[in-house]
């Protein structure tokens, strides 16, 4: 089952008992302007882990996190709802919609019941092909957590993604990647790069949300060796 047709201009997704509403642009040529299924799977996995473990509120609250290729921002917003201070990043052409979705859902004006428990959110530009942007304000690496959902879909981008992750993390950082398997060559390149530099743990589907999972969508938890 798929949760977003990518054909509508508004998507609603319940997470932590709250309905988040995302404006998207299915007619855009940019892949980041729709809510992709992996971001839904990752958000619901955060929800499932809020009470215990390494991704519980007690472990995450106040930690600094960054979402790469945030798109419409669902995964990063969900992590902020756990308690992290999150920077949502994407390329310049996606930032307009990303900012609207932040303002509509988790900005101080829209926080509502999450005003006290959610971490802060900032929207910022980050193009992986421009290494100098990693240190441009408001970005301040290294981050405690790096999140990415459905960002690994092209081999050349995979190399840029890996370099960016290396640049914004340290030995204590945790990298969480949720990706849908579409290309074995792209997946192979991703694994080749990260196995050389990181330990990789794959989350069993039995540990994901019972409804929001798919056989071809995987969550990886990675740390530098």
Query raised in the report: Counting only residues that are at pLDDT 95 or above, part of a loop (DSSP other than H, G, I, E, B) and touching a strand residue (DSSP E or B) at 6+ places or on another chain (Cβ under 8 Å), which one in segment 173-208 is farthest from residue 45 (Cα to Cα)?
Result: 173
Requested in this report: Could you run through segment 110-165 and say how many residues are assigned to a loop (DSSP other than H, G, I, E, B), closer than 26 Å to residue 214 by Cα and touching a strand residue (DSSP E or B) at 6+ places or on another chain (Cβ under 7 Å)?
Outcome: 3
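Considering each residue of segment 48-66, count those that are part of a loop (DSSP other than H, G, I, E, B) and more than 27 Å from residue 125 (Cα to Cα), and give that number.
Summing the residues that are part of a loop (DSSP other than H, G, I, E, B) and more than 27 Å from residue 125 (Cα to Cα) in segment 48-66 gives 7.
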Query raised in the report: Any residue in segment 53-72 that is within 13 Å of the chain's Cα centre (by Cα), in contact (Cβ under 8 Å) with a residue 12 or more places away in the chain, surrounded by 24 or more Cβ atoms within 10 Å (Cβ to Cβ) and on the phi > 0 side of the Ramachandran plot?
Result: yes
Query - Residue check for residue 102: free of Cβ contacts under 8 Å to residues at least 40 places away in the same chain, crowded, with 22+ Cβ neighbours inside 10 Å and either out of contact with any helix residue (DSSP H, G or I) (no Cβ under 6 Å at 6 or more places or on another chain) or part of a loop (DSSP other than H, G, I, E, B) (or both) - result: yes
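Looking at 42, 88 in this structure, which one is buried (at least 21 other Cβ atoms within 10 Å of the Cβ), at pLDDT 95 or above and outside any helix (DSSP H, G or I)?
None of the other options fit; the residue is 88.
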Requested in this report: Filter segment 19-39 down to residues that are surrounded by fewer than 21 Cβ atoms within 10 Å (Cβ to Cβ) and touching a helix residue (DSSP H, G or I) at 6+ places or on another chain (Cβ under 7 Å) and give me whichever is modelled with the lowest pLDDT.
Outcome: 30
Report summary line: Among the residues of segment 73-85, the number that are out of contact with any strand residue (DSSP E or B) (no Cβ under 8 Å at 6 or more places or on another chain) and surrounded by 22 or more Cβ atoms within 10 Å (Cβ to Cβ) is 1
Query - Hits in segment 202-223 (condition: farther than 22 Å from residue 154 by Cα and without any contact (Cβ under 8 Å) to a residue 24 or more places away in the chain) - result: 204, 205, 206, 210
Query - Selected residue (only one of 78, 70 is at pLDDT 90 or above, closer than 26 Å to residue 164 by Cβ and either out of contact with any helix residue (DSSP H, G or I) (no Cβ under 6 Å at 6 or more places or on another chain) or assigned to a loop (DSSP other than H, G, I, E, B) (or both)) - result: 70
Query raised in the report: Is it the case that residue 47 is closer than 19 Å to residue 173 by Cα and either buried (at least 21 other Cβ atoms within 10 Å of the Cβ) or touching a strand residue (DSSP E or B) at 6+ places or on another chain (Cβ under 6 Å) (or both)?
Result: no
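The values are calculated or read from the model by the stated rules, or taken from the named source; none is laboratory data. Being a predicted model, the structure only gives us computed values, none of them experimental. Neighbour counts are summed over all protein chains in view; Cβ atoms, including those assigned to glycine, are modelled from backbone coordinates with ideal geometry.
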